[in-house]
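Undergrad: A single structure is presented below for examination.
The values are calculated or read from the model by the stated rules, or taken from the named source; none is laboratory data. Everything numeric here is computed off the predicted structure, so don't read it as measured data. Heads up, the Cβs are rebuilt from the backbone with ideal geometry, glycines too, and the neighbour counts pull from every protein chain shown. Accessible surface areas use protein heavy atoms only, side chains included; no ligands, DNA or RNA. Shrake-Rupley method; radii C 1.70, N 1.55, O 1.52, S 1.80 Å.
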Amino acid sequence: MKSFKSPGRHGYAVEVSPFLASTVACASSQYYGIAGCGTLLVLEQREADVSLVRSFDWNDGLFDVTWSESNEHVLVTGGGDGSLQIWDTANPQGLLQVLKGHTQEVYSVDWSQTRGENLVVSGSWDHTAKVWDPERCQLVTSLQGHEGVIYSTIWSPHISACFASASGDGTLRVWDVKAGSCRLAIPAHRAEALSCDWCKYDQNVLVTGSVDCSLRVWDLRNIRNPVAQMMGHSYAIRRVKFCPFYKTVLASCSYDFTVRFWDYSKSQPLLETLEHHSEFVCGLDFNLHIPNQVVDCSWDETVKVFTPSCLAAQ
C-alpha cells in the first residue's frame with residue numbers, strides 16, 4: 001500500500017485521471033471543511049510511493065473533484081462558497097475559470113463520459129443540480145426536485161444527457177437534461193442518501209449508500225424493491241463505487257473509518273473490510289488503467305493507493 005500525507009488538509013474526494021494511470025487528484029479542506037480554505041492536490045504514484053506534482057489553493061473548502069474527459073490537464077472542483085473551479089495543471093496560475101450559480105456549498109461535481117458531450121453536473125446544499133458547459137463557462141440548466149441537500153451527482157456512462165443524484169431527502173433521482181426534468185424518483189432510503197453510482201455494465205443498475213449504513217442496488221425497470229441490500233458498515237456510508245472490471249463488485253467507504261468491497265450477486269456479499277485509516281473515509285475511486293487498484297482519501301490527511309486482496313485474487 002502506498003500513502004501520501006497532506007498535513008492540515010482533510011481529504012474529501014479522489015479521482016484517478018482518465019488519461020494517465022499514475023495521476024490522481026484529491027479535493028481537500030482545512031479544519032475538516034468547517035472553516036478555512038481548500039486545496040486541490042495533484043499526485044503521482046511511483047513504484048514505491050506517491051508524490052505531489054502540483055497543489056492549488058482555494059479560499060473555501062473543496063469537497064469534490066472530477067477530471068476533464070477531453071483534456072488531460074483540466075479538472076473541476078466544487079467549493080464551500082457555492083462555486084465550481086476549473087483548473088489547468090499545465091498553467092502556472094492553475095485557475096482557469098470560476099463558475100457561479102449555486103447559493104450554498106457544492107458537494108458534488110462530475111464530468112460527462114459520453115462521447116462528444118462536454119458537460120459538468122454539480123450538486124449542492126441549495127437542493128439544486130446544475131449542468132454546465134465547461135468550455136463556454138456557461139450554465140446549461142438548473143434542475144429542482146430534491147427536498148434536501150444533494151450529496152452526489154453522477155452521469156450515466158451509457159445514456160447521453162442523463163445523470164443520477166442522491167440526496168438528504170433519501171431519494172435517488174434520474175434526470176433527463178434535454179427535457180430538463182426528473183425521469184424517476186426512487187425512495188431509496190429512510191435516511192439521508194450520501195452517494196450513488198452507475199453500474200458500468202448495465203444501464204439500468206445503480207447503487208446508493210446512506211446514513212442508515214446500507215448499500216442498496218437498484219434496477220430502474222423495477223424500483224419497488226432493491227435488487228440487493230448490503231449491511232456491514234457501522235456508520236454512514238460516504239461514497240459508493242461500482243468496479244469497472246466486475247459487473248457485480250462494489251466498493252464503499254464510510255465514517256466508520258473503513259473501506260469495504262462487496263459482490264452483490266453472492267449470498268454473503270461482503271468480500272473484504274480494510275481498516276487503514278484513523279478518521280472518516282470520504283473519497284474512493286477505482287483506477288481504470290490498473291485493474292483492481294483503488295485510491296481513497298480520509299480526514300486523517302492521507303491518500304492511499306492499494307489493491308484489495310479480494311480483487312487481486314480474482
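Undergrad: Only residues that are in contact with a strand residue (DSSP E or B) (Cβ under 6 Å, 6 or more places away or on another chain), open to solvent by 20 Å² or more (accessible area, probe 1.4 Å) and not aliphatic (A, V, I, L, M): list them for region 258-275, please.
TA: Arg260, Tyr264, Pro269, Glu272, Thr273
Undergrad: If you go through region 17-61 one residue at a time, how many are aliphatic (A, V, I, L, M), modelled with pLDDT of 95 or more and within 20 Å of the chain's Cα centre (by Cα)?
TA: Of the residues in that region, 9 qualify.
Undergrad: Quick one: which residue in Val240, Val295, Val281, Val259 is of a type in the set (Val, Ile, Thr), within 18 Å of the chain's Cα centre (by Cα) and more than 20 Å from Phe4 (Cα to Cα)?
TA: Unique residue meeting the criteria: Val240.
Undergrad: Pairs under 6 Å by beta carbon, first residue on the phi < 0 side of the Ramachandran plot and open to solvent by less than 10 Å² (accessible area, probe 1.4 Å) in region 156-173, partner not in a strand (DSSP E or B) and not polar (S, T, N, Q), six or more apart or different chains?
TA: That search, which allows pairs on different chains as well, returns Ser167/His146; Ser167/Gly148; Leu172/Ala188.
Undergrad: What are the residues in region 174-192 that are of a type in the set (A, V, I, L, M) and either touching a residue at least 40 places away in the same chain (Cβ under 8 Å) or out of contact with any Lys or Arg (no Cβ under 9 Å at 6 or more places or on another chain) (or both), if any?
TA: Once the filter is applied, which keeps residues that are of a type in the set (A, V, I, L, M) and either touching a residue at least 40 places away in the same chain (Cβ under 8 Å) or out of contact with any Lys or Arg (no Cβ under 9 Å at 6 or more places or on another chain) (or both), region 174-192 yields Val174, Val177, Ala179, Ala185, Ala191.
Undergrad: Is it the case, given these coordinates, that Arg173 is modelled with pLDDT under 95 and either under 18 Å from the mean Cα position of the chain (by Cα) or farther than 27 Å from Ala228 by Cβ (or both)?
TA: So Arg173 fails the test.
Undergrad: Can you pull out the residues in region 280-314 that are assigned to a loop (DSSP other than H, G, I, E, B) and open to solvent by less than 10 Å² (accessible area, probe 1.4 Å)?
TA: Asn287, Pro308
Undergrad: Based on this model, can you work out whether Pro134 counts as touching a residue at least 60 places away in the same chain (Cβ under 8 Å) and farther than 14 Å from Ala27 by Cβ?
TA: Taking the combined requirement at face value, the residue satisfies it.
Undergrad: Could you look through region 193-228, keep only residues that are in contact (Cβ under 8 Å) with a residue 40 or more places away in the chain and among the aliphatic types (A, V, I, L, M), and pick out the one that is most open to solvent (accessible area, probe 1.4 Å)?
TA: Leu220
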